[in-house]
Amino acid sequence: MKKAVILIMSIMLLTACQESLEDRCAREAKEFTEKNCPRAVDKEIVLDSMTFEKATHTISYLYTLTGTLDDPQRVDKAKFREALLLEVKNSTNLKLYKDAGYSFRYAYYSEKENGTKLFEATFRESDYR
């Protein structure tokens, strides 16, 4: 009997301590941003932060464009969107979140235009499946 009570209490404790996927995603986004941002992705692209919105299950990646890319005329939105969608579809790092039906948002801002948004795309489950 004593062993059964200890086993039940252990299971309850382990179950109570489990982190939900939403909490895990929020924690990981915050930790990633604190440890890795800002981060140069390319010569003219800087990843500023990664965030998670629980209400919409959306993971957001916020970037700043610099140099020659920091020009609204140079951003081919259709090609940019297509390349990002392909990246989401092929990313094994996002598998857990794709399996849960999360959305992925990418926003690019101008350095020289005081943070003016140059491009934004959000991919929902219906886009990447």
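Read the figures in this text as sums done on the coordinates, not as results from a lab. It should be emphasised that the depicted structure is a prediction, and the values quoted were computed from it without experimental measurement. Cβ placement follows ideal geometry from the backbone for every residue including glycine, while neighbour counts extend to all protein chains displayed.
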Towards the positive end of the charge dipole of the chain, with charges on Cβ (+1 Lys, Arg; -1 Asp, Glu), say which of Thr68, Ser126, Thr116 has the farthest Cα.
Ser126
Please work out, to two decimal places, the log10 of the ratio I(q)/I(0) at q = 0.23, 0.31 Å⁻¹ from a Debye calculation in which every Cα of the range 80-125 carries one identical scatterer.
-0.79, -1.10
Give me the number: length gained by fully extending Asp42 to Leu96, i.e. 0.36 nm times residue separation minus the C-alpha to C-alpha distance, one decimal in nm.
16.8 nm
Given contacts defined as C-alpha pairs under 8 Å and at least six residues apart, what's the relative contact order of the chain, whole-number percent?
20
Long-range amide H partners of Ser103, meaning residues 5 or more apart or on another chain whose placed amide H is closer than 5 Å, are Thr58, Ile59
Over the chain, what is the percentage of antiparallel beta bridges among all DSSP beta bridges, to the nearest 5?
70
Extension length gain for Thr66 and Thr116 (0.36 nm per residue less Cα distance), in nm, is 16.8 nm
Through the Karplus equation 6.51 cos²θ - 1.76 cosθ + 1.60, θ set to phi - 60°, convert the phi angles of the range 26-43 into ³J(HN,Hα) values in whole Hz; use x for Gly and Pro.
4, 5, 5, 5, 5, 5, 4, 4, 5, 8, 10, 10, x, 9, 6, 8, 8, 4
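If the viscosity is 1.306 mPa s and the temperature 10 °C, what translational diffusion coefficient in µm²/s does Stokes-Einstein give for the chain when Rh comes from Kirkwood over Cα pairs?
On the way: Rh = 16.8 Å.
Approximately 95 µm²/s, per Stokes-Einstein.
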0 to 90° range, to nearest 10: angle between helix 2-17 axis and the chain longest Cα axis
10
Among the range 91-119, those whose backbone N falls under 13 Å of a label point 7 Å along Cα→Cβ from Glu53 are 103-107
Using only helices, what value at 222 nm comes out for the chain when you add -39,500 (n - 2.57) per DSSP H run of length 4 or more and divide by the total residues, to the nearest 500 deg cm²/dmol?
-13000 deg cm²/dmol
Points 7 angstrom from Cα along the Cβ direction at Glu87 and Arg74: gap in nanometres?
1.6
